[in-house]
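One structure is given here, and the rest of the page talks about it.
The values are calculated or read from the model by the stated rules, or taken from the named source; none is laboratory data. Please read these numbers as outputs of a predicted model, since none were measured by experiment. Note that we place each Cβ from the backbone using ideal geometry, even for glycine, and neighbour counts take in every protein chain shown.
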Amino acid sequence: MIERQHLLRKIPPVDQLLLRPAIVSCIDRTGREFVVSEIQRLLQGIRDAILSGEVSAGDLSPEKIEMSLLETVERRLRPKLRTLINATGVVLHTNLGRALLSEAAQKSLSAFSGNYTNLEYDIDSGGRSHRDKLLEPLLQEVLGCEAATVVNNNSAAVYLILNSLACGREVIVSRGELVEIGGSFRIPDIMSRSGAILREVGTTNKTRIQDYRDAIGPNTALLLRVHPSNFRMLGFVEKPGLRELVNLSREAGIPLVEDIGSGLLVDLKPYGIQDEPVAQESLAAGADLICFSGDKLLGGPQAGIIAGAGKLVGLIRRNPLMRTYRVEKLIYGALEATLRSYRFGRAAGEIPVVRMIAMSREETGRRARRFARRLRPRLPEGAAVRLVKGQSVVGGGSCPESLLPSTLLSLESESVRPAVIESRLRALDPPVIIRVEEDRALVDLRTVLPADEQVLAESLLGVVSPGFARETGT
């Protein structure tokens with residue numbers, strides 16, 4: 001007990017610590033109140049550790065306390081949302097922010113974030129306008145639709161459609177399409193919350209057009225076709241095609257709504273993407289209304305786009321809940337820049353998602369060989385980088401059956417296990433995210449921006465260097 005009291009008396013006072021040059025510099029950056037609060041928190045932690053017998057006299061020097069404080073402050077100052085290098089080969093990685101924006105979209109974010117805009121102002125008349133109509137002309141041109149509106153994501157789009165067009169009435173859906181996607185988004189739950197009444201038809205694996213026809217009654221409001229996202233059934237399965245459902249909706253006079261999910265606007269079949277509906281084709285086939293995401297295959301910001309018949313879009317616009325799901329000026333700016341790339345035929349060259357998907361194995365191979373040639377002369381003894389055949393994936397709930405053939409890099413070390421390589425890379429600034437498969441640390445350059453290659457190279461060399469463990473203690 002006497003020893004603990006002695007240690008408590010050795011703790012430097014706050015005023016003494018505030019005079020140390022490094023801490024004075026820290027105050028200049030963050031403010032005195034913040035630093036004092038952090039010092040008090042740190043010293044209280046030391047007192048608690050002394051009383052529990054976990055601290056020795058050597059841990060109480062002003063130098064050590066200063067070092068701990070500076071590390072804590074640096075950690076507190078680091079933004080929670082950070083940029084990182086995606087070397088996983090997952091193009092639309094939901095956990096890593098999905099679609100990368102084009103340069104034009106990035107420029108719009110910069111321009112509109114620091115300036116006033118005409119978000120709800122008609123420059124010609126000098127009066128108020130409606131933000132909801134800003135992008136409608138461009139969406140009409142790109143999609144070939146009568147009307148369109150934008151909300152904050154596709155889940156909101158589905159909810160608003162159901163609430164606006166089918167509240168208190170039945171919506172017919174195949175049992176095979178009652179899916180759950182990321183974040184526990186379940187179609188039956190959304191339908192219940194919207195006020196619509198779910199009418200399931202068919203079985204899990206087989207639904208025929210006659211099942212829909214038999215279910216139609218006086219209380220039927222909509223036929224709903226749902227994109228299965230990252231879920232697919234194979235084998236003994238059957239479902240009606242879109243044109244069959246269109247014909248039935250026309251025959252019954254009931255609108256057909258299709259949630260196409262990923263927002264594909266260009267044909268990606270030449271690159272192996274076979275199982276995704278193209279938005280324009282769904283509308284051209286006769287779907288009365290479609291909805292899809294902005295930050296998946298479209299390659300834009302997070303948004304939900306609703307497009308189709310003017311009468312139906314008008315009903316959705318008049319829903320009081322529209323205001324709760326509307327988007328702000330930055331989203332409109334980035335979405336407009338993205339859509340303009342499609343409108344003027346430049347998507348393949350300007351939209352990062354499309355470019356990444358379109359890369360062939362030969363292209364990824366050439367890039368991987370160049371990168372490996374840069375690394376090999378600098379690798380420490382016992383480390384190697386090898387080229388291996390593998391696959392990238394689209395991700396983001398899109399194209400689950402479509403693999404993108406790629407050439408990957410396998411980083412190997414006699415002294416550092418693949419799982420340790422992966423964890424060390426995550427701990428860097430910026431973090432580097434790779435994947436570990438079959439006990440190999442794999443780097444997929446398909447999703448690495450060319451501008452990040454130098455940082456990636458230094459990161460890979462660093463984590464297999466013998467000095468890494470000494471410098472970081474790992």
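Have a look at Glu136, Glu180 and point out the one that is modelled with pLDDT of 95 or more and charged (D, E, K, R). Give the derivation first.
Working: Glu180 fails: modelled with pLDDT of 95 or more.
Of Glu136, Glu180, the one residue that is modelled with pLDDT of 95 or more and charged (D, E, K, R) is Glu136.
Suppose we filter Glu238, Glu244, Glu258 for residues that are charged (D, E, K, R), buried (at least 23 other Cβ atoms within 10 Å of the Cβ) and under 21 Å from Arg175 (Cβ atoms); which single one remains?
None of the other options fit; the residue is Glu258.
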What number of residues within segment 278-293 satisfy the criterion of being closer than 13 Å to Leu143 by Cβ and under 26 Å from the mean Cα position of the chain (by Cα)?
9
Exactly one of (1) among the hydrophobic types (A, V, I, L, M, F, W, C); (2) buried (at least 19 other Cβ atoms within 10 Å of the Cβ); (3) modelled with pLDDT under 95 is unmet by Leu160. Its number?
(3)
Any residue in segment 183-202 that is at pLDDT 90 or above sitting within a Cβ distance under 6 Å of a residue that is aliphatic (A, V, I, L, M) and assigned to a strand (DSSP E or B)? List the pairs, counting only those 6 or more apart or interchain.
Ala196/Val171; Arg199/Ile172; Val201/Ile172
Checking the condition in contact with a helix residue (DSSP H, G or I) (Cβ under 7 Å, 6 or more places away or on another chain), at negative phi and among the small types (Gly, Ala, Ser), which residue from Ser25, Ser68 passes?
Ser68
Are any residues in segment 73-105 assigned to a helix (DSSP H, G or I) and either over 16 Å from the mean Cα position of the chain (by Cα) or surrounded by 15 or more Cβ atoms within 10 Å (Cβ to Cβ) (or both), and if so, which ones?
Val73, Glu74, Arg75, Arg76, Leu77, Thr94, Leu96, Glu103, Ala104, Ala105
Among the candidates Ile357, Ile331, which residue alone is under 24 Å from Ser113 (Cβ atoms) and not in a loop (DSSP other than H, G, I, E, B)?
Ile331
Residues being in a helix (DSSP H, G or I) and either in contact (Cβ under 8 Å) with a residue 60 or more places away in the chain or hydroxyl-bearing (Ser, Thr, Tyr) (or both) - total across segment 430-463
11
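Leu375 - would you say it is in a helix (DSSP H, G or I), in the same structural domain as Lys107 (by TED's automatic domain parsing) and either among the aliphatic types (A, V, I, L, M) or modelled with pLDDT of 95 or more (or both)?
Taking the combined requirement at face value, the residue does not satisfy it.
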Here's a check for you: in segment 448-474, which residue that is at pLDDT 80 or above and hydroxyl-bearing (Ser, Thr, Tyr) is surrounded by the fewest Cβ atoms within 10 Å (Cβ to Cβ)?
Ser465
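This table checks each residue for (1) polar (S, T, N, Q); (2) surrounded by 14 or more Cβ atoms within 10 Å (Cβ to Cβ); (3) closer than 22 Å to Ala348 by Cβ.
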{"position": "Leu379", "(1), (2), (3)": "no, yes, no"}
{"position": "Arg386", "(1), (2), (3)": "no, no, no"}
{"position": "Gln391", "(1), (2), (3)": "yes, yes, yes"}
{"position": "Ala427", "(1), (2), (3)": "no, no, no"}
{"position": "Pro431", "(1), (2), (3)": "no, yes, no"}
{"position": "Arg446", "(1), (2), (3)": "no, yes, yes"}
